[in-house]
2 protein chains.
Amino acid sequence: MSLDPSRMAPMANAIRALSMDAVQAANSGHPGMPMGMADVATVLWSKYLKFDPSAPNWADRDRFVLSAGHGSMLIYSLLHLSGYAKPTIDDIRNFRQLGYPCAGHPENFLLDGVECTTGPLGQGVAMAVGMAIAERQLNAHFGDDLVSHRTWAIAGDGCLMEGINHEAIGLAGHLKLGQLIVLWDDNNITIDGQADLSTSEDVRTRHTSAGWHVVSCDGHDIADISRAIEEAMADDRPSLVACKTIIGKGAPNKQGTSATHGAPLGPDEIAAARETLGWDHEPFVVPEDIMADWQTTGHRGVEAHSEWKSRLESSDKQDEFKARMGNVGDAAGRAIEDHIRGLAAEPQKVATRKASEMALGPLTEALPQMIGGSADLTGSNNTKTPSTLPFSADDYSGRYLYYGIREFGMAAAMNGMALHGGVVPYGGTFLIFSDYCRNAIRLSALQEVGAIYVMTHDSIGLGEDGPTHQPVEQVMSLRLVPNLNVYRPCDTIETAECWTLALQTPNTPSILALSRQGLPQMRGQDDGEWTSVTNRSAKGAYRLKGADAERKVVLVATGSEVHLGAEVASELEAQGIGADVVSMPCTELFDAQDAAYRSDLLPADTLKVSIEAGASFGWERYTGLDGLNIGIDRFGASAPAGDLFKKFGFTADAIVPQIVNKLNG
Amino acid sequence: MSLDPSRMAPMANAIRALSMDAVQAANSGHPGMPMGMADVATVLWSKYLKFDPSAPNWADRDRFVLSAGHGSMLIYSLLHLSGYAKPTIDDIRNFRQLGYPCAGHPENFLLDGVECTTGPLGQGVAMAVGMAIAERQLNAHFGDDLVSHRTWAIAGDGCLMEGINHEAIGLAGHLKLGQLIVLWDDNNITIDGQADLSTSEDVRTRHTSAGWHVVSCDGHDIADISRAIEEAMADDRPSLVACKTIIGKGAPNKQGTSATHGAPLGPDEIAAARETLGWDHEPFVVPEDIMADWQTTGHRGVEAHSEWKSRLESSDKQDEFKARMGNVGDAAGRAIEDHIRGLAAEPQKVATRKASEMALGPLTEALPQMIGGSADLTGSNNTKTPSTLPFSADDYSGRYLYYGIREFGMAAAMNGMALHGGVVPYGGTFLIFSDYCRNAIRLSALQEVGAIYVMTHDSIGLGEDGPTHQPVEQVMSLRLVPNLNVYRPCDTIETAECWTLALQTPNTPSILALSRQGLPQMRGQDDGEWTSVTNRSAKGAYRLKGADAERKVVLVATGSEVHLGAEVASELEAQGIGADVVSMPCTELFDAQDAAYRSDLLPADTLKVSIEAGASFGWERYTGLDGLNIGIDRFGASAPAGDLFKKFGFTADAIVPQIVNKLNG
């Protein structure tokens, strides 16, 4: 099966030629990295990577992550050359053009074989950590026969310099993820120039201090690359393979400089590179013999895939395995029914973070896919359940990750786990620290994965910890992220409903914004026969209570302010002013309803009042400019929650007169 | 001057007593850290820290940063005991209560001596790095006589585990900031339990691999602490002093466990601790002799301060030094006049990132306080000018930082520099990576410092790099942060105006959201005599062009969409439909105008249309529900900018018919 090493140099040059030509055609892009890492990638794909181009989503394939995503032409070249259906050569000719899948940075939703969307530096490695976690977790249950693959990542200096790298390698080293191998493109070049303009770090020692195995090689010497990769594969720690490379290798005048990093080489340098590489073929033409060599690289994987299928078919865990790889939405709806019906019968006043824990009980019991965790706030986020035992280096069968104080690393790992498949990750931190992992949340949304963020302590209601810890703008600002559902439930039942919805959107991530403080149960009367079909949160907003007197006001509230809305309504009714109370746990779902539903809930001719203990900017969408927006447009303060709600005007006494004035004015 | 070491134990116990009693009184807080680090802090303040309690803002004081901000009772105790006017014992009794300065986490705007707001983990150390940078930069110019002080930080396991720590120590090590000393509270406890639940890292080796000096000590042995600190002071690298401590030291049954971390000890354990510590005083009572010892700790600093004042008075740089410590707003306004008047005479079509560079030319030439930098995107952010030479370990006189691929570390360092005083930091990255440093931007706002973020590539207009790099929600989401001005200028002149405004708000940070692509100059006609007083951007929005025909429409646009707004207006006018064009470079400043100005610009009875290539959510504030919001509520795509603007409907051809329909409908 193995290729003659001497045939790998032209194979690598095919990557170089496609990369420089595609970047030139697009007149933008990054040729330096693909040209520098062409040899390493060729060795990896030819000799070690387990993949089947005809079945790119085979569950037991190796995962390959191009963490240095700006070098996207590397992976497009690899996928094309090794026989994936896409990208075609026409796709590559149209690199970075509208309607074609070869985007500036690799997008998992555009091409099979692109395991994750990369480009935001550092996150690829962190997602690879998550993939390696998922692999070990499934392996612990299904065994080597069904689950045993490696995760590979190519990372540049930028990936290693980003803070998230510290979190990612710390977690991987602690968990002894020996199936994870990071190939470092050690070229000493960043955009601003030589890397030593901004760093003096000993990268190798930093990795060993985090529990990693480190091996170095000449990234342009086929045999040396093989030796290093084999050493990495043999070690039971996660490995860093430091590949000494020359950025833009092959471009005789520009190689080794930042000039090759992020701009086309230009026609003259490309001509010179063709000369240097001995590549006399037209742009986008790969000779048949080289193409044929590339097509053999997938053969090992095709064979392995076939053997795996036989093992799966004869396995007594076949059905379970297939079920594990499927969606959990329906099962989630069934698993939560008794819990909600129980709450309908016996209402409970608890914080919604506690309500979340209560919902997680039956959900994690019924759904083995669910893997929880917290960034060192387990007891505060209420994320651990009896079904989720610790996942550790000593026991990969666990379903609970102590992520440590690593919010960004956690979120990116969750993305990797979700992308891997077979697991549904949820993880907790304080809502304020969504700021720390915000771009990973964005990548959940962009990559269309159903990661679930349990974000507690969601307003000034957390009290004494003060403004550094009190979200003011976070709820609203997260609502702005496309394809992200932000839930802010008001009580035990809404919390359970929102959990169910979060599990029912495998292609949309969810944020659960939950209170620290106890909240009265607002729901229950009509929930004795609750099913997924009656899930009132599913429309994003609903009329919790209709006006008794003639309706003059609609109060729209979320989360911990819904019970306040009900108090305000009740005082208004006492004055003969009819008021609806609308609970709006998810604006995104509400916005997706038809106009009739929306205008029935928020009629044009009625005073609409929003109540949310956060930024008021945005609420005009629901109240219009002639409504009232009760919000907080400054930082919070440190004091007991009750004092703060009073100070910031979140009491019926403070709100009712404003409404009455407005009605009279 | 030196205290007898044997007298330090009771001094440290005073910290322990105040901390456990205050947390108990508040019924919330973190006693473990102050009790664990009491000995280290006592040694530091008694023997090494240079401070003058009667002049807390003395420019040449040492800076003390409590990075582990949850242990806030440590700094409140230190400030109170050592003779600062605040906090009083009554303030401490009212720890975490409304209206008192002893907040749950230390807030720089509530107490002198609190150099920065901490609590969001990791950022304290990163701000300390910025302070140490500012100190060296000023030292290079003003010499040891006027500027020579250390920066100290106390950090916990959490601070070191956060990703930002990697960025901060990498930068500090690279820049050889020998005046920076981090005291690590090495207690092996995090909230979830033993630190080794989530980490196996060799912290010491990681620091040495980043170019740090590391020394260890027994954090409860006065002599050993002194030895370690003195070794750290003698080394010319930044130092990590690993202080082996017992969390909650003194609480006999709970010390050494996470039970002391974030909850009151309870009356019984407090009684037991009093016994153990030999502390038989009432809560909040510190005996006179111990108080007297504490009051002597500031004497060294008072003396040093007096000597420093003499040196300043006899220095030929006295005036320059005082000017350097002052505000730059007026000078900025004058420095930019000729530039803007020149643009009025000779309009230029350039990207606003280039316009920013053009404005930075005269500004950085006139204002030595300005220190620029970029997170490895110097050529893309256009942040470097001829006046800003590199700041490096070899030359601290430079004014330009190659921050490396460390957005979060950069932003936090900028906060530290701004808090230090004498420098005005600005730093660049792509706007999308505001996500990476978002909480540091929030801390700029919360801490009321005038850091300036140069955030380029501000929309789909960046083109081919695709959705990972195209901000959609970032501009709007940053507008939600309290006390943060987000500027999105439309051309060369607005960019210069916004730069001036950013420099004129020393207590409010600014974001400059700038285009990658070239934009026509919209302004100039009335700017031939431009001064700060005529700065039209100062009101946040203004009528760029009034309607010719009877006004039916007001187009409100920002940044790269303003010229599109003008095109739309012109096509509407061609159909006899009068249309104003309002440029709104800063919504925050516009919202602060009086109702008359706002309604004059956005009259109630006219169709209002917002045009911004980003999230539309929020624009209802300016258009009402019966307006039109032209925005992007999905992720972008990879393609040339022109193709994308067309695809997403940002052309006059796409917008004009929508307006006409709306007017007719």
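What follows is calculated from the coordinates using simple rules that are stated; it is not laboratory data. Predicted model only: the values in this text are computed from it and were never measured. Heads up, the Cβs are rebuilt from the backbone with ideal geometry, glycines too, and the neighbour counts pull from every protein chain shown.
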| query | Taking amide H positions as placed 1.01 Å from N in the peptide plane, with prolines and chain starts having none, which residues 5 or more places from A:Leu183, or on another chain, fall under 5 Å of its amide H? | reply | A:Ala153, A:Ile154, A:Ala155, A:Val241
| query | Once both labels are modelled 7 Å past Cα along the beta-carbon direction, what's the A:Ser216-B:Ala345 spacing in nm? | reply | 5.8 nm
| field | Shape category assigned to the range A:311-394 from the gyration tensor of Cα positions, a/c cut at 1.5 | value | oblate
| In whole percent, what relative contact order does chain B give with Cα contacts below 8 Å and a gap of six or more residues? | 12 percent
| request: Once the label point is placed 7 Å from Cα along Cβ, list for A:Gly546 the distances to the corresponding points in the other copies, in nm, shortest first. | output: 5.2
| Can you give the direction-averaged projected area of the convex hull of the alpha-carbon atoms in the range A:164-217, in nm²? | 4.2 nm²
| request: Mind putting a number on the dipole of the range B:5-310 about its Cα centre? Charges go on the C-beta only, +1 for Lys and Arg and -1 for Asp and Glu, and I need it in Debye to the nearest 20. | output: 300 debye
| note | Here the correct list, in nm and shortest first, of distances from B:Ser397 to the same site in the other copies, label points 7 Å along Cα→Cβ, is 6.9
| message | Students often get this wrong: which residues of the range A:30-53 have the backbone nitrogen under 16 Å from the point 7 angstrom along Cα-to-C-beta of A:Ala234? | response | none
| query | Based on the Kirkwood radius over alpha-carbon pairs, what value in µm²/s does the Stokes-Einstein equation return for the translational diffusion coefficient of the range A:539-664 at 25 °C and 0.890 mPa s? | reply | 168 µm²/s
| remark: Ranking B:Gly540, B:Val656, B:Ala613 by how far each Cα lies towards the positive end of the charge dipole of the range B:539-664 (+1 on Lys and Arg Cβ, -1 on Asp and Glu Cβ), the top one is B:Ala613
| note | Residue span A:Ala271 to A:Arg334: 0.36 nm per residue of separation minus Cα-Cα distance leaves a gain in nm of 16.3 nm
| By the gyration tensor of its Cα atoms, with a ≥ b ≥ c the square roots of the eigenvalues, what is the shape of the range B:77-160: rounded for a/c under 1.5, prolate for a/b over b/c, or oblate? | oblate
| query | Can you give me the pair-distance distribution of chain A, C-alpha pairs, 10 Å bins, whole percents? | reply | 3, 16, 24, 21, 16, 12, 6, 2, 0
| query | Based on the alpha-carbon gyration tensor of the range A:199-260 and its eigenvalue square roots a ≥ b ≥ c, which shape applies: rounded if a/c is under 1.5, prolate if not and a/b is larger than b/c, or oblate? | reply | oblate
| said: About the Cα centre, and with charges only on the beta carbon of Lys, Arg (+1) and Asp, Glu (-1), how big is the dipole of chain B? Nearest 20 debye, please. | reply: 680 debye
| Restricting the range B:438-496 to trypsin sites (Lys or Arg not before Pro) in coil, as DSSP defines it, with at most 10 other Cβ within 10 Å | none
| request: Take the Cα atoms of the protein assembly as shown, build their convex hull, and give its volume per residue in Å³. | output: 167 Å³
| Which angle between 0 and 90 degrees, to the nearest 10, do you get for helix B:352-366 versus the longest principal axis of chain B when only C-alpha atoms count? | 60 degrees
| said: Run the simple label-point estimate for A:Ile89 and B:Glu307 please: 7 Å along Cα→C-beta, distance reported in nm. | reply: 7.9 nm
| request: Would you mind getting me the FRET efficiency between A:Met291 and A:Gln593? Use the beta-carbon distance for r and R0 = 56 Å, nearest 0.05. | output: 0.60
| Extended-chain gain in nm, criterion 0.36 nm per residue less alpha-carbon gap, A:Phe284 and A:Glu529 | 81.9 nm
| task | Would you kindly state how much longer the chain becomes between B:Lys322 and B:Glu550 on full extension, computed as 0.36 nm times their sequence separation minus their alpha carbon distance, in nm to one decimal? | result | 76.5 nm
| field | Cα centroid of the range A:5-84 to Cα centroid of the range A:518-597, whole Å | value | 54 Å
| Rg/Rg_ref, the range A:5-310, where Rg_ref = 2.2 N^0.38 Å and atoms are Cα | 0.93
| message | Explain nothing, just the number: relative contact order of the range B:539-664, from Cα pairs under 8 Å at least 6 residues apart, as a whole percent. | response | 26 percent
| request: Would you mind listing the distances between the B:Ala345 label point and the same position in each other copy? Use 7 Å along Cα-to-C-beta, nm, one decimal, shortest first. | output: 8.7
| query | Percent relative contact order of the range A:5-310, based on C-alpha pairs within less than 8 angstrom and at least six residues apart? | reply | 26 percent
| Translational D in µm²/s for the range B:2-59 (Stokes-Einstein at 20 °C, 1.002 mPa s, Kirkwood Rh from C-alpha pairs) | 169 µm²/s
| Fraction of antiparallel bridges per DSSP, chain A only, in percent to nearest 5 | 15 percent
| query | Of all trypsin sites (Lys or Arg not before Pro) in the range A:235-313, which ones are in loop regions per DSSP and have a Cβ with at most 12 other Cβ atoms within 10 Å? | reply | none
| field | Proportion of all alpha-carbon pairs of the range A:500-597 beyond 15 Å (%) | value | 67 percent
| Taking GluC sites (Glu not before Pro) that fall in a DSSP loop and have at most 13 other Cβ atoms within 10 Å as cut points, what is the longest piece of chain A between them? | A:1-528
| note | Computed about the Cα centre, the charge dipole of the protein assembly as shown from +1 Lys/Arg and -1 Asp/Glu charges at the Cβ has a magnitude in debye, to the nearest 20, of 740 debye
| field | Structure-based [θ]222 nm, the protein assembly as shown - -39500 (n - 2.57) summed over DSSP H runs of at least 4, per residue, nearest 500 | value | -12500 deg cm²/dmol
